[in-house]
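Note sheet for the following structure.
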Amino acid sequence: MPAGQYGGYTPPKVPGFYRFWSKAIGATAFFWMMYCAKQDLPVVLGLRHPWDGHGHHHIEGKESEH
């Protein structure tokens, strides 16, 4: 059995600048995916149609131009 925690491999030391920005960009990507999933997942799963729930485009007192 190899010695050490990683089988003799010593991971390189990464500067704090890179660790901070990798976490910040990764968190941004994660939250963006969760936001998109919140918006699109019911449509993808077939729980609602994309055209449902948009409200009416009719303005009070004006005729509809549809």
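The values are calculated or read from the model by the stated rules, or taken from the named source; none is laboratory data. None of the values given here were measured: they were computed from a predicted structure. Cβ coordinates were reconstructed from backbone atoms using ideal geometry, including for glycine residues, and neighbour counts include every protein chain displayed.
When both residues are 6+ apart or on different chains and their Cβ atoms are under 6 Å apart, which pairs have a first residue that lies in the range 33-48 and is of a type outside the set (K, R), and a second that is at pLDDT below 90?
P42/R48; V43/P50
The rows are residues; the columns are (1) modelled with pLDDT under 90; (2) under 29 Å from the mean Cα position of the chain (by Cα).
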residue	(1), (2)
G4	yes, no
Y9	yes, no
M33	no, yes
G46	yes, yes
G53	yes, yes
